[in-house]
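The values are calculated or read from the model by the stated rules, or taken from the named source; none is laboratory data. Since the model is a prediction, treat every value here as computed from it, not as a measurement. We place every Cβ from the backbone using ideal geometry, glycine too, and count neighbours over all the protein chains shown.
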Amino acid sequence: MKRTVAEINQKIKDGDVVVMTAEEVISYVQSEGVERAAKEVDVVTTGTFGAMCSSGAFLNFGHSEPPIRMQKVTLNDVPAYGGIAAVDAYIGATELKLGDHKEYGGAHVIEELVSGRPVRLKATSDGTDCYPRKDIDTYVSLNTVNQAYLFNPRNAYQNYAAGTNSSERTLYTYMGKLLPNYGNITYSSAGQLSPLLNDPTMRTIGIGTRIFLGGGVGYVAWEGTQFRTNVETKFGAPMGGARNLATIGDMRCMSPEFVRALNLPGYGVSLALGVGVPIPILDEEVLKATAISDEQLFSPLIDYSIQSRNRKPIKHFSYAELRSGRVELFGKEVRTSSLSSYLKARQIAETLAERIESGEFLLTEPVAPLPADRGVGTLEVRSKEEAV
């Protein structure tokens with residue numbers, strides 16, 4: 001059985017498309033078999049909603065009278081990078097408010113803009129002959145800026161390590177609060193609903209793929225930072241951090257329901273973002289990959305008290321085990337909790353399915369594939385000669 005994206009799009013336009021979520025297709029394949037299911041199902045939708053620190057927004061404010069070349073820029077007192085052009089800036093999700101104690105940052109500014117609220121823009125400049133103004137203090141919103149779009153260097157990690165803590169003190173990390181003496185385990189993945197776990201070798205996802213991003217329409221812009229393929233697999237899926245996506249999307253089309261600022265106590269600020277990717281069922285192999293379940297997907301458990309990049313997994317747990325709420329570790333029952341929302345991931349997959357079925361959302365073929373062979377380098381102290 002073979003079909004093309006063009007054929008699937010025609011079925012969407014004709015109202016004949018069959019769409020299932022990645023959760024629904026598991027039981028369907030179990031009852032009907034891969035061959036029959038591949039003939040019946042045209043698209044499988046996925047979803048994830050969790051902290052995606054490597055996110056941010058490009059904004060163009062428009063020119064003032066007289067004009068200014070913004071050099072130092074803040075939004076609600078959160079620094080934004082202005083070294084792009086006169087009135088362009090990029091605000092990162094994890095940037096903290098000046099003088100703040102890790103409680104307000106770029107993610108909050110992004111959420112406020114998406115929510116339609118004004119934010120305070122302050123900018124200064126040395127002044128030039130063509131840009132004579134030296135400072136400005138005003139308010140902007142999505143209604144007043146020229147462009148506002150998320151450009152996220154690393155979203156929708158294919159898999160991610162769970163965290164625990166063997167030390168005698170509590171650790172405050174991007175994986176949340178880790179209690180002493182293996183007191184708890186936290187994880188962050190939608191597992192069987194997670195986009196890139198449903199297309200583990202990226203057969204259907206590439207540059208130009210249209211996706212659900214923050215409640216609106218987005219696109220895959222490039223490979224995400226720290227994209228890697230040399231990861232151990234089981235049942236065809238990676239058993240650790242592997243591929244991810246650089247994404248882009250118009251903030252004016254997004255919803256605060258799927259774009260939320262996060263405070264991680266003792267660590268800082270992050271952005272919870274909703275991402276959903278439709279998987280066109282081109283053949284049986286693509287369908288088979290989408291039918292993988294939480295029992296077949298494994299996360300490595302990392303001890304965050306070990307201060308080294310060479311931390312080795314203590315063991316691997318399936319997402320079915322992690323989602324149960326308790327696992328056994330070294331003969332001890334340990335509580336588990338998720339930093340991502342499975343409920344929201346399901347909602348995203350269902351919403352995307354509804355948009356496809358209604359003809360509102362068509363699929364795209366990638367204009368270029370993402371790398372099939374990519375490793376990740378490390379930062380070391382090197383001399384100038386060694387760095388060449």
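Values computed for the structure shown
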quantity	calculated
Residue within segment 37-56 that is of a type in the set (A, V, I, L, M), under 29 Å from Leu121 (Cα atoms) and part of a strand (DSSP E or B) present	yes
Any hit, segment 304-315, residues being over 25 Å from Gln226 (Cβ atoms) and touching a strand residue (DSSP E or B) at 6+ places or on another chain (Cβ under 7 Å)	no
Subset tally (residues that are among the aliphatic types (A, V, I, L, M), surrounded by 13 or more Cβ atoms within 10 Å (Cβ to Cβ) and assigned to a loop (DSSP other than H, G, I, E, B)) for segment 338-375	4
One residue from Glu328, Glu354, Glu350 being among the charged types (D, E, K, R) and farther than 22 Å from Leu193 by Cα	Glu328
Residue within segment 227-234 that is buried (at least 23 other Cβ atoms within 10 Å of the Cβ), of a type in the set (A, V, I, L, M, F, W, C), under 26 Å from Ala320 (Cα atoms) and modelled with pLDDT of 95 or more present	no
Hits in segment 57-96 (condition: of a type outside the set (Ser, Thr, Tyr), without any contact (Cβ under 8 Å) to a residue 24 or more places away in the chain and part of a strand (DSSP E or B))	Pro79
Qualifying residue in segment 316-337 (condition: under 23 Å from the mean Cα position of the chain (by Cα), modelled with pLDDT of 95 or more, part of a loop (DSSP other than H, G, I, E, B) and within 26 Å of Ala190 (Cβ to Cβ))	no
Answer from Gln347, Gln307 - the residue that is on the phi < 0 side of the Ramachandran plot and either at pLDDT below 95 or not assigned by TED's automatic domain parsing to the domain that holds Glu35 (or both)	Gln307
Residue ID - surrounded by the fewest Cβ atoms within 10 Å (Cβ to Cβ), chosen from residues in segment 66-124 that are touching a helix residue (DSSP H, G or I) at 6+ places or on another chain (Cβ under 9 Å), under 27 Å from Lys134 (Cβ atoms) and among the aliphatic types (A, V, I, L, M)	Leu96
Strands (runs of 3 or more DSSP E) contained in segment 110-188 and holding at least 2 residues farther than 20 Å from Leu271 by Cβ, assigned by TED's automatic domain parsing to the domain that holds Ile207 and out of contact with any Lys or Arg (no Cβ under 9 Å at 6 or more places or on another chain)	162-164
Check on Ala246, assigned to a strand (DSSP E or B) and either outside the structural domain of Ile91 (by TED's automatic domain parsing) or within 30 Å of Val114 (Cα to Cα) (or both)	yes
Test: residue in segment 21-32 that is on the phi > 0 side of the Ramachandran plot and not assigned by TED's automatic domain parsing to the domain that holds Cys130	no
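Condition check ((1) in contact with a helix residue (DSSP H, G or I) (Cβ under 7 Å, 6 or more places away or on another chain); (2) over 19 Å from Val5 (Cβ atoms)) across all residues:
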residue	(1), (2)
Arg169	no, yes
Gly176	no, yes
Leu179	no, yes
Ser194	no, yes
Thr201	no, no
Phe212	yes, no
Trp222	no, yes
Gln226	no, yes
Ala246	no, yes
